[in-house]
């Protein structure tokens, strides 16, 4: 493969952060509190640790075949047809995940800010932007992410920091009283938000120094996970477990009630919404890029651009399936897509690593060609 | 080569999505900004006469126990809201810059739809500052209003709610001297009281959290109108669940704030000088509380509150005593501690009798004694019954006089 390997480790970490931080941040605190009450922060941390395992698996695979795409090495590990079937399922799951993400985005905009704008329009605009940029190379993809990462990351931290004086520490206690099944529901409801880690499979072959991949994926996951944990903690410490359960998007309500000391800046919610629109854009962009690139690899073509607008109606169509927000979050489709996402995008790479071990294929090999 | 014109055409198309930002554009002067809302209860017979058919059809033989509310809204008149103190005041006052409308309805949203019918521009609640319930409405429960307000994305959690002694409608019609817009006057009233340490911070968001919490009850500022259209904070109204039970006097707001953990003191207390009838006025400047929980015999929950007061003496009425020796100061400190302790204990016992845990003791038990909570409490109702019948609260007060002012002795 004639890749121009130009993605640096910092860019890789930024891509990972942006792909993971997205729409989920808005209702994640509610999911976690519904699952574990005041133990939500702990469950979130454990959930992030689980994500680390998956990230480790994906990174290991990538490092073992630093010049190959996921299509090539999964075919190598589990056989041609099984490998292709896996990739095919992964693409379908991603199309659905991207569609639901898109729908969630326009649903929030329509409910909270732009009451008159039809959801189709806000969805079309952001999807069009994402589709347009997927026509560029992966290096451009990396630049865009690196540019946006601070805009997502820093305001989130500032809003969290501003709310610290209003914490009621009673709402964070008891911390460790979490039942086993609560752990389980908590972790399964947060894992889908981390599906974006799959982006590693497409960027590793383009990294300048594949040896730094592990470091980049560790920091990317840690920072993105950290933002999730902080958001859960501050939403919970301010609203308390019972009130939080009544909010559709607790993080949004939380940002809207944050005030800068001195009363010279009001309505910080707007700042939050702007950063959140960027975050959603980068996530959809990543998902889109993953689909486009994996499709290219699957069909063994050199050019990925032809897939960009071909996918457009598919993703948009998926986005328009749910009737309302209740179906969007609690409907069958969302459940299936989330489960498939966790299994195939985060769990399956681990299985591949295990199969590699069993078949005695050399694991790791930092930078060296393994075939 | 493709014709450059085609490029031009397509680049125009690229800009189309950017224009979608105008979809929701609504000029400021085209929206009717609601600044304040007052909710009263009305007699069904009277309401029926006024009601029109907007969000539901009138049916023959409707049940007679139907509930009606009267909603009075204060709407800013665009362009006439004075932007600074100089432009404001003067002729006209309140009636000029705001428009007060009153409608009836079955529920809050029903009434708002009726109101919209009477106002040409779309109603906008993003600047809503205060919602006033009349005492009667509050005592029948506010949950039904909360549902609408929680769903409605424009209403901010930083706005305020209050309970009024008189008809709430009056609060929308008063013409205060200091502030040209009555609703802003009302909200700055309560916000300034918070700033001066005379009222705990209790915006809608905080009130809702207290209502939702399993081990806490809510409270709202209780307002009354004075002779000259001035509004007074006449204490707070305490709730049991979503229904207001009664009111406590302003003097007890201090203790309430202490227990809630708000440090800034604002209230003064007349304290007897030891052994005499003479009084000194002692004013709290800072108070700190520390709450500990315990479970006695795995049965009875117990709350121990340790309070430390920093106070200053502002006035000494006594002709005989002078504040010139450390012993006297110490005596006053002890005396003050004792009086305050009695006041706290009395206050807490009263609230326990009423079954209203406005202090949030239940939250302490839930957080610190999870085993007990899981076994014995779990629900709001259960906590309320334990709070009234079993909870034992002990108060310990320490006072430090830190200032006596510019006068020697």
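In a residue-by-residue description of the range B:300-310, the property of being in contact (Cβ under 8 Å) with a residue 40 or more places away in the chain and within 14 Å of chain A (Cβ to nearest Cβ) applies to at least one position. Scanning the range A:75-109 for residues that are part of a helix (DSSP H, G or I) and over 22 Å from the mean Cα position of the chain (by Cα) yields a count of 10. Checked against the criterion of being surrounded by fewer than 19 Cβ atoms within 10 Å (Cβ to Cβ) and at positive phi, the candidates B:235, B:261, B:226 yield just one match: B:261. For residue A:118, only one of the following conditions fails: (1) at negative phi; (2) away from chain B (no Cβ under 14 Å). What is its number? Only one criterion in (1) at negative phi; (2) away from chain B (no Cβ under 14 Å) is unmet by residue A:118, namely (2).
For the range A:153-211, the candidate set comprises residues that are part of a helix (DSSP H, G or I) and within 14 Å of chain B (Cβ to nearest Cβ); within that set, the residue that is surrounded by the most Cβ atoms within 10 Å (Cβ to Cβ) is A:171.
Scanning the range B:322-374 for residues being within 30 Å of residue A:176 (Cα to Cα) and away from chain A (no Cβ under 14 Å) gives a total of 2. Evaluating residue B:212 against the criteria (1) under 12 Å from the mean Cα position of the chain (by Cα); (2) without any contact (Cβ under 8 Å) to a residue 60 or more places away in the chain leaves one unmet condition, (1). Counting only helices (runs of 4 or more DSSP H) that fall entirely inside the range B:315-409 and contain at least 3 residues that are closer than 19 Å to residue B:294 by Cα and touching a residue at least 60 places away in the same chain (Cβ under 8 Å), the qualifying elements are B:361-368, B:380-389. Looking across the range B:13-53, just one residue is part of a loop (DSSP other than H, G, I, E, B), at pLDDT 70 or above, closer than 25 Å to residue B:152 by Cα and away from chain A (no Cβ under 14 Å), and that is B:42. Being within 14 Å of chain B (Cβ to nearest Cβ), modelled with pLDDT of 85 or more and out of contact with any helix residue (DSSP H, G or I) (no Cβ under 8 Å at 6 or more places or on another chain), is that true of even one residue in the range A:299-316? No; the residues of the range A:299-316 include none that is within 14 Å of chain B (Cβ to nearest Cβ), modelled with pLDDT of 85 or more and out of contact with any helix residue (DSSP H, G or I) (no Cβ under 8 Å at 6 or more places or on another chain).
Here residue B:206 meets the list (1) more than 21 Å from residue B:263 (Cα to Cα); (2) at pLDDT 85 or above; (3) crowded, with 19+ Cβ neighbours inside 10 Å almost entirely, failing just condition (1).
The values are calculated or read from the model by the stated rules, or taken from the named source; none is laboratory data. Remember, it's a predicted structure, so these values are computed and weren't measured experimentally. Glycine also receives a Cβ, built like all others from the backbone with ideal geometry; neighbour counts cover every protein chain displayed.
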